[in-house]
C-alpha cells in the first residue's frame, strides 16, 4: 500500500447528507468517513439504509465511493472522492442470528458496535446500571467478526464489556468516538484502564468533538481538546489515536429521539441531554463542520505535535488500522504465510 | 368465578401436538396447559406460530379452546375441552419494541419469559457467566406487562435477574417450570432465596418433571418428587406451588437443537445435555405422558397431602393465580374501586 501521509479520516460522523455537506467534507480535505448505517434498526431496516447509500453512490459519483478495504481510501483520495465506510452503532442489525455478521459484511459493513447505551444480546451499554460483560452470544459474534474482518467498536459500551471485548477479540478493537473520562467525566467517555488496555492490544481511539464528550461542552477550547490528545498520547501511544468527530449535522429532534429511545421506551429518554436541555448540542466554534479539520491540525501543531504526528492523528493511524481490520482472517493468514515463505 | 376444586392445570408443556396427544391430555384429566409459542422466534415467526394454533382451534374444536382469562379454563372444563394458554419461553418475539407487548397480548399471549438461558435485551439467562439483572429496557417491559396483564415468567433466567424481576414487578411473577436447587443442583433449578422471594411476593412455582431438573434424572422416584413438593411447600407455602411439567413430546433432535442453539451459535450448544448425551431425556416411568397426572395425585396423597392441598397443587393454585395475572391493571383497578364503593 502506498503510504502517503496526507490524509484526513474521520472515525465517525452521523450526518443527514446532502450534496452540499459532502462537498464541505471534500473541501475540508476529508478522505474517508465512517458513516452510521444503524442505531436500533433491525436487519431489513439496516439493509434498506445500505440500499439508500448505494443510491447515493450512483447519485454523487463525483463525491463518494464505498470503502471495502483500506486501499479504497487511497483510491478515493487519488480520484478526489470521499471514501465511505459503513458501520453500525449497535448490534441490532444482526438480530439474534450469528450468520448475519457474514451477510452484512458482504453488503459492505466493516464496523459494528456490540451495544449502544443499553444492554444488547452481546454486551452491556454504558447507560446500564450493571455490566455483565460479553455474553455467550457476544463471544460467538466476536469470533465471527474476527473471522470475516468486521471491526469491533465499543464506543457506547460499558466498562467491563469493553475490557472483555479487548481480551476476547483476537484482533485489535476500536473506540471510534469517545474521549478519556479524565478529560471530562461523561458516561460515554472512557477510563484510563480501558484506554490503556485498548492501546496495549493495538486498538484505536477516535477522539470525539461531540459537545457532551467535551470539557465545558460547546465552549470547550481548541487548546483543551488538543492538550487532551497530547495527554492521551502519553498514556496509550500516539499510534493509537485518531479523530472520531461524532459530527452530527442536519437532523431534527425526532432523529435524536430515535437515537436515544429507539423502540425500547414509551417515555422519552434524554440520553446525554436532559428534559430541559434535550436538543442537539451546539458544536464548538472551531469545529462546526467538516470544513474545520484545518483548525484541529493547527491546534495540534500549536500543542507541540510534529508534522508526522499530526498526520498520524488526522488519518494515517486509521488507515493503517483499517488495513489490518477489514481483511478476513483467511486473507491475513495467506499474507502471513506468503511473508514467511519469502523470508525463508 | 366458580371455584370448583377438581382441576388439572399444567404450568408448561412443549409438545408437537397431534389429535392423539391432545386426546391423551383430555383423558388424563388435564383442563388447561400453558403451551410454548416461541423460544427464539422473532415477531413474525411468533405470529405465524399463533396462527398455527388458531388453525388447531378450528381443526379440533372438540378438544381445545383458547384461554384469555382464567374463567376460560372453567368454561373449558365445563365443555370438556382443554384450555390453551399462549406463552413465550423468551422475549425474542417482542424484538426491541416495547409496543409489541400490548400487540402480542391482544393476539392472546398471556405469559412471557424475560430470557431463555442466554442474555436477552431485558434480563440475563441462567446459562450466562455473569448476571447484570434487569436492564433499562427490561424495566420498561415489566411495567408494560404489568399494565396489560401479561405474566412474567423467569424459569430460564439467572438469579439476580429473577430477584430483581420479583422486586420490580408490581404484580406477582411465576417460575412456571423449575425445581429447587436443594432438590437437584441443575443450573435451571432455583435457589431457596429465589423461591422464598417468589412465595413472599405472591408468585407461583410450577414444579418440573423434565428429567434434567430431577434428582437422579429419568430414574427419579415419584416419592422423591412428591417429597420435594412437600419441602418446597414448607419453604414457600403450598398456595404458591403447582405443576409445570415441562413435558416435551413428539419432537425430533432438530427441535432440541433449535431450543438450545437458536440462531446464536455456529457450533451446537448442548444446553442441559452434553455431546455424549445430547438427545431428549427419557421421562420417568411414572410420568411419561399427560395420562400420568393421576400418579402424581396418588404420590402427593401418599406423601401426606390432604385432598384440598392436592387440588391446590394440581390446578387450583394456577387458576387463582391466573385470575389475578391475566387481567389488565385497568380492570383490576375498576374491580377494586367497585369493591370499595360496595363496601362504603
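Is the shape of the range B:240-344 best called rounded, prolate or oblate, per the rule: a/c under 1.5 gives rounded, else a/b larger than b/c gives prolate, else oblate, with a ≥ b ≥ c the square roots of the Cα gyration tensor eigenvalues? In terms of gyration-tensor shape, oblate.
Within chain A, the ratio Rg/Rh, alpha carbon atoms throughout and Rh by Kirkwood, equals 0.94.
Annotation for residue B:185, label-to-label distances across the other copies: 4.2 nm (shortest first, one decimal, point 7 Å from Cα along Cα→Cβ). Which distances, shortest first and in nm, link residue A:257 to the matching position in the other copies, using label points set 7 Å out along Cα to C-beta? So the distances to the same position in the other copies read 4.5 nm. Its alpha carbons considered, the range B:7-71 gives a radius of gyration followed by a Dmax of 12.2, 34 Å.
Report summary: the helix-based calculation at 222 nm, which adds -39500 (n - 2.57) for every DSSP H run with n ≥ 4 and divides by the residues of the protein assembly as shown, gives -12000 deg cm²/dmol. Distances between equivalent label points of residue B:237 across the copies, with each point positioned 7 Å along Cα→Cβ, amount to 6.2 nm, shortest listed first. Packing-based ranking of B:245-255, B:21-31 yields B:21-31, B:245-255, ordered from highest to lowest mean Cβ neighbour count within 10 Å.
Volume per residue, Å³, of the convex hull around the alpha-carbon atoms of the range B:215-256? Before the final figure, lay out the partial values.
Working: hull volume 4.3 nm³, N = 42.
That works out to 103 Å³ per residue.
Projected onto its three principal axes, the C-alpha set of the range B:166-237 covers 40, 22, 16 Å, listed from the longest axis down.
Shape analysis of the range A:28-124 based on the Cα gyration tensor places the equivalent ellipsoid semi-axes at 26, 13, 11 Å, largest first. One compactness figure for the protein assembly as shown is 1.09, namely its Cα radius of gyration divided by 2.2 N^0.38 Å. Counts of other chain beta carbons within 10 angstrom of each beta carbon in peptide A:138-144 average 2. The spacing between the range A:131-184 and the range B:161-225, judged by their C-alpha centroids, is 35 Å.
The equivalent ellipsoid that matches the C-alpha gyration tensor of the range A:111-178 spans semi-axes of 17, 12, 9 angstrom, in descending order. Chain B comes nearest to the axis taking it onto chain A at the Cβ of one residue; that residue and its distance, in whole Å, are B:132, 2. Rg then Dmax, both in Å and based on the Cα atoms of the range B:37-91: 12.3, 35. Packing-based ranking of A:311-317, A:330-336 yields A:311-317, A:330-336, ordered from highest to lowest mean Cβ neighbour count within 10 Å. In terms of the mean number of neighbouring beta-carbon atoms within 10 Å, the peptides B:93-106, A:48-61 order highest first as B:93-106, A:48-61.
Across peptide B:119-129, how many C-beta atoms of other chains are within 10 Å of each residue C-beta, on average?
Numbers: counts 13, 6, 7, 2, 1, 4, 3, 0, 2, 7, 6.
Mean shielding count: 5.
Within 10 Å of each Cβ in A:38-47, how many Cβ atoms from other chains are there, averaged over the peptide? Kindly include the intermediate steps, with their values, before the conclusion.
Details: counts 0, 0, 2, 1, 5, 1, 0, 0, 0, 0.
Across the residues of A:38-47, the mean count of other-chain Cβ atoms within 10 Å is 1.
Calculated from the alpha-carbon coordinates, the range A:178-288 shows an Rg and a Dmax of 15.0, 44 Å respectively.
Laboratory data are not the source of any read-out in this text; all were calculated from the coordinates shown. Since this is a predicted model, take the numbers as computed values, not measurements. Quick reminder, even Gly has a Cβ in these numbers, built from the backbone with ideal geometry, and neighbours come from all protein chains shown.
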